[in-house]
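To keep things clear, I will list the structure first and then write my remarks on it.
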Amino acid sequence: MITLDKDIKDLKILISEDEIQKRLTDLAENIEKEFSSEEDLYVICVLKGSVMFYTDLVKHLKHNVQMEFIRISSYGHETKSTNNLQAIDLTLPNLNGKNVLIVEDIIDTGLTANFLVDLFRIQHHPKKLVFAALLNKKCARQNNMEPDFYGFEIDDKFVVGYGLDYKGYFRNLPYIGYFPN
Ligand code: IMP
């Protein structure tokens, strides 16, 4: 165990478990309408941060869902984007002509989202590509990326919980929190 400079005692709740779960129902309903229910839907989990959002979201989807996982690292151990994106595992089946939903935890600078959308468009040629993020830090954006769907817009503060981490910790919390300065 490392010595952590942040203590869970100081964590303030930004979005409660209840608020997240309520928002998910609406979000899933709206996302569903984007895709034909006659066709398979490939739902891509961007590990590790979107794991909680992803597993909760897919439970609401009534399509024939194929669950796929990729892994990307962008923050390292910092609380500011390092602009240093590392693709750890991008293994996917053939998605040519398929309906694809990318599920991300948060869009911050937009660099990861941009990388992912380009990757899917150029390498996979999906029939339809939709990007959903739980959180949208609009004020931190460095490009013109916007998610097709998002759960909550938040200020430019570093958040943890519900999949999001600081130095690998706090992902398991059922709510989104932040450490006040
Ligand atoms: P972007 O490329 O700057 O948009 O950042 C995307 C990735 O950075 C997300 O998928 C997260 O893993 C991570 N990230 C961005 N903001 C936060 C935060 O506030 N807390 C924890 N991780 C974050």
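The values are calculated or read from the model by the stated rules, or taken from the named source; none is laboratory data. No experiment lies behind these values; they were computed from the predicted model shown. Every residue, glycine as well, gets a Cβ built from its backbone with ideal geometry; the counts of neighbours run over all protein chains shown. Ligands, DNA and RNA are stripped out before the accessible areas are found, and what is left, the full protein with its side chains, is counted by its heavy atoms. Shrake-Rupley method; radii C 1.70, N 1.55, O 1.52, S 1.80 Å.
If you place +1 on the Cβ of every Lys and Arg, -1 on the Cβ of every Asp and Glu, and leave all else neutral, what size is the dipole of the range 105-151 about its Cα centre, to the nearest 20 Debye? That gives a dipole near 120 debye. Distance between the pseudo-spin-label points of S16 and I2 (7 Å out from Cα toward the beta carbon): 3.3 nm. Treating r as the C-beta distance of E29 and N181 and R0 as 45 Å, the FRET efficiency rounds to 0.75.
If you count Lys pairs in the range 1-59 whose Cα atoms are under 25 Å apart, skipping same-chain pairs closer than 8 places in sequence, the total is 9. Dipole of the range 68-174 (Lys/Arg Cβ +1, Asp/Glu Cβ -1, origin at the Cα centre): which of L164, N96, A113 lies farthest to the positive side? Highest projection toward the positive end goes to N96.
What shape does the range 44-131 have by the C-alpha gyration tensor, where a ≥ b ≥ c are the square roots of the eigenvalues, rounded means a/c under 1.5, and otherwise prolate means a/b greater than b/c and oblate the rest?
oblate
Taking the 1.4 Å solvent-accessible surface of the range 18-79 as the whole, the part contributed by carbon and sulfur is 43%. At the residue level, M145 shows approximately 20 square angstrom of accessible surface with a 1.4 angstrom probe and all protein chains present. Database remark: amide H of L14 closer than 5 angstrom to the amide H of I176, G177, Y178 (H placed geometrically; neighbours at sequence offset of 5 or more, or on other chains; Pro and chain starts carry no H).
Rounded to the nearest 10 degrees, the inclination of helix 51-60 to the longest alpha-carbon principal axis of the chain is 40 degrees.
Think of it as helices only: each DSSP H run of n ≥ 4 in the chain is worth -39500 (n - 2.57), and spread over all residues that comes to -6000 deg cm²/dmol at 222 nm. With all pairs of different C-alpha atoms in the average, the Kirkwood value for the hydrodynamic radius of the range 119-181 is 13.7 Å. Using alpha carbons only, the radius of gyration of the range 72-181 set against its Kirkwood radius gives Rg/Rh = 0.97.
Between the C-alpha center of the range 25-44 and that of the range 1-23 there is a gap of 29 Å.
Rounded to the nearest 20 debye, the dipole magnitude of the chain is 260 debye, with +1 charges on Lys and Arg beta carbons, -1 on Asp and Glu beta carbons, and the Cα centre as origin.
Under conditions of 20 °C and 1.002 mPa s, the range 93-135 yields 201 µm² s⁻¹ as its translational diffusion coefficient, taking Rh as the Kirkwood radius over Cα pairs in the Stokes-Einstein equation.
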